[in-house]
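The values are calculated or read from the model by the stated rules, or taken from the named source; none is laboratory data. Note that this is a predicted model, so its numbers are computed, not measured. Virtual Cβ from ideal backbone geometry, glycine too; neighbours counted across all protein chains shown.
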Amino acid sequence: MITPRCTLNGMPMFLSADKKLKPCCFLNTSREYAEFITWGKQRGYNVEFDLDTTLHSINEIHNSPTWKGLIESFNMQSASPKTCERACGPGSYTSTTGNAKHSTFEE
């Protein structure tokens, strides 16, 4: 189980240059996003379609199979994308402010 910063403390979502609404900036690098797409495919989600802001409103994205599946995965052991496990799972960084990693933090 993880404590996702994307659903806590009013953390911002991330709108990428390719107009995909991502839960957080940790999923924006090419490598991390590719892992996220693979995670989604393994579960029958179409991540690229579900998160596309040119096709869907924010509300529709939040109600998409990908977004709902991600949120549900946080409550299951080892079910979340690897990026989420690394960034928000046990042993991840500790924020001193409850804000994003680019704020003051301790590793």
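Quick notes on this one:
- Checking Phe26 against (1) assigned to a helix (DSSP H, G or I); (2) at pLDDT 90 or above, the condition it does not meet: (2)
- Restricting the first member to segment 61-72 and to residues that are surrounded by 15 or more Cβ atoms within 10 Å (Cβ to Cβ), and the second to residues that are among the acidic types (Asp, Glu) and assigned to a helix (DSSP H, G or I), the beta-carbon pairs closer than 7 Å and six or more apart or on different chains are Ile61/Asp50; Ser64/Asp50; Pro65/Asp50; Thr66/Asp50; Trp67/Asp50.
- For segment 31-54, a residue qualifies if it is outside any helix (DSSP H, G or I), surrounded by 12 or more Cβ atoms within 10 Å (Cβ to Cβ) and either modelled with pLDDT under 95 or of a type outside the set (Ser, Thr, Tyr) (or both), and the qualifying residues are Arg43, Asn46, Leu51, Asp52.
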